[in-house]
1. Specify the residue that is surrounded by the fewest Cβ atoms within 10 Å (Cβ to Cβ); the eligible residues are those in segment 169-186 that are among the hydrophobic types (A, V, I, L, M, F, W, C) and within 22 Å of residue 276 (Cα to Cα).
2. Looking only at segment 185-203, decide whether some residue is part of a loop (DSSP other than H, G, I, E, B), in the same structural domain as residue 230 (by the TED database) and in contact with a Lys or Arg (Cβ under 7 Å, 6 or more places away or on another chain).
3. Here is a check on your reading of the model: is residue 215 within 16 Å of residue 156 (Cα to Cα), part of a loop (DSSP other than H, G, I, E, B) and in contact with a Leu (Cβ under 9 Å, 6 or more places away or on another chain)?
4. Has segment 265-274 got any residue that is farther than 18 Å from residue 137 by Cβ and not small (Gly, Ala, Ser)?
5. Can you pull out every residue in segment 260-291 that is under 21 Å from residue 38 (Cβ atoms) and surrounded by fewer than 20 Cβ atoms within 10 Å (Cβ to Cβ)?
6. Look through 211, 119 and report the one residue that is buried (at least 16 other Cβ atoms within 10 Å of the Cβ) and touching a residue at least 12 places away in the same chain (Cβ under 8 Å).
7. Any residue at all in segment 73-87 that is closer than 17 Å to residue 40 by Cα and exposed (fewer than 15 other Cβ atoms within 10 Å of the Cβ)?
8. Identify the residue in segment 232-285 that is of a type in the set (A, V, I, L, M) and farther than 22 Å from residue 158 by Cα and, among all such residues, is modelled with the lowest pLDDT.
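The values are calculated or read from the model by the stated rules, or taken from the named source; none is laboratory data. None of the values given here were measured: they were computed from a predicted structure. Positions of Cβ are generated from backbone atoms using ideal geometry, with glycine treated the same way; all protein chains shown enter the neighbour counts.
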Amino acid sequence: MSFFKKLKEKFQTNEENEEVSDKYKDGLSKTRKSFSEKINDLVARYRTVDEEFFEDLEEVLISADVGVSTVMELIEELEMEVKRQNIKDTKEVKQVISEKLVEIYQGDDDQEDHTDLNLQENELTIILFVGVNGVGKTTTIGKLAHQLKSEGKEVILTAGDTFRAGAIEQLNEWGKRVGVDVIKHSEGSDPAAVIYDGIQAAKSRQADVLLCDTAGRLQNKVNLMNELSKVKRVIEREVPNAPHEVLLVLDATTGQNALSQAKTFSQATDVSGIVLTKLDGTAKGGIVLAIRNELGIPVKLVGLGEKMTDLQEFDPHAFVYGLFADMLEEE
């Protein structure tokens, strides 16, 4: 069975899978339109798979923000696979491209577990959110709190971004909306002290999950990274093996700038996963591939819209399905 047929079977014959795939399909509509139009145009222009075809494919992938080093690696693997399978028809290359995109995430072992959140059983889970201002960090925390609460978990939020005007109030509003408690101090307070109080509250109330907001900007980058390191030390001191996740929130619409942010934060805070927001607002969703391949950090959550339920666990197959949905209809 072809890879495309397997994707169609997985996402069009199972009601639960279909719901997930619809969210990806809708959320990736801008990326898909741009990407599939270019791929289809490329396939239509070339009758055979030759060097020129791969050069043009390279341009298409780079323009989708896949990232130069990832594109080079991908093109090399595609060329080898085309030779191995003795593919002559350009239409057949579309399937090989989709297979390789999935492989970037989960390798040959076909394991998807590394994209799951590291939630602890019967003990407090602490998730630390980092990222620059304006990427949707506070909104992501609110949406994840809603998701976890709807699963029956006791959730507490901690307003550790004490530097941005309005950040505490914004998180407080999310707490009211979702129906969870928010631990906060006044603006300008020591973030580590707020996080400490959040941990004590979570312990005394026997909460399942503590979601911690942090500052996205201080006077300079060094100050910000030092502050994050201090917060992390407080968490480690109070709860062994915590934080269980350090999630870096990135805005997909910023493209390669998101990649440079990821490099900076991962050097300072041992980032365990990426949350990619506003994926529905960009035609360059290839940044997902660049982040995973060039940094080796899994994308764990994606924002596919503005609704409370549009924050989704990242699913490599559903992502590729959303990217190639128009082509699948042609099958």
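1. Our first condition is that a residue be among the hydrophobic types (A, V, I, L, M, F, W, C); within segment 169-186, this holds for 171, 174, 178, 180, 182-183.
Filter once more, so that each one left must be within 22 Å of residue 276 (Cα to Cα): 171, 174, 178.
Details: 171: 25, 174: 23, 178: 21.
The residue in question is 178.
2. Just the residues of segment 185-203 that are part of a loop (DSSP other than H, G, I, E, B), to begin with: 185-190.
Subset that is in the same structural domain as residue 230 (by the TED database): 185-190.
Those still in the list that are in contact with a Lys or Arg (Cβ under 7 Å, 6 or more places away or on another chain) too: none.
Checking segment 185-203: not a single residue is part of a loop (DSSP other than H, G, I, E, B), in the same structural domain as residue 230 (by the TED database) and in contact with a Lys or Arg (Cβ under 7 Å, 6 or more places away or on another chain).
3. Values: within 16 Å of residue 156 (Cα to Cα): no; part of a loop (DSSP other than H, G, I, E, B): yes; in contact with a Leu (Cβ under 9 Å, 6 or more places away or on another chain): yes.
No: the conditions fail for residue 215.
4. Step one: list which residues in segment 265-274 are farther than 18 Å from residue 137 by Cβ, which gives 267.
Of the ones still in play, those that are also not small (Gly, Ala, Ser) are 267.
Yes: one or more hits.
5. Those that are under 21 Å from residue 38 (Cβ atoms) and surrounded by fewer than 20 Cβ atoms within 10 Å (Cβ to Cβ): 281, 283.
6. Working: 119 fails: buried (at least 16 other Cβ atoms within 10 Å of the Cβ).
After applying the criteria, what remains is 211.
7. no
8. Here is the first cut: in segment 232-285, the residues of a type in the set (A, V, I, L, M) are 234-235, 239, 242, 246-250, 252, 258-259, 262, 268, 271, 274-276, 279, 283.
Narrowing the set further to residues that are farther than 22 Å from residue 158 by Cα leaves 252, 258-259, 262, 279, 283.
Details: 252: 87, 258: 83, 259: 81, 262: 84, 279: 87, 283: 72.
Only one residue fits best here, namely 283.
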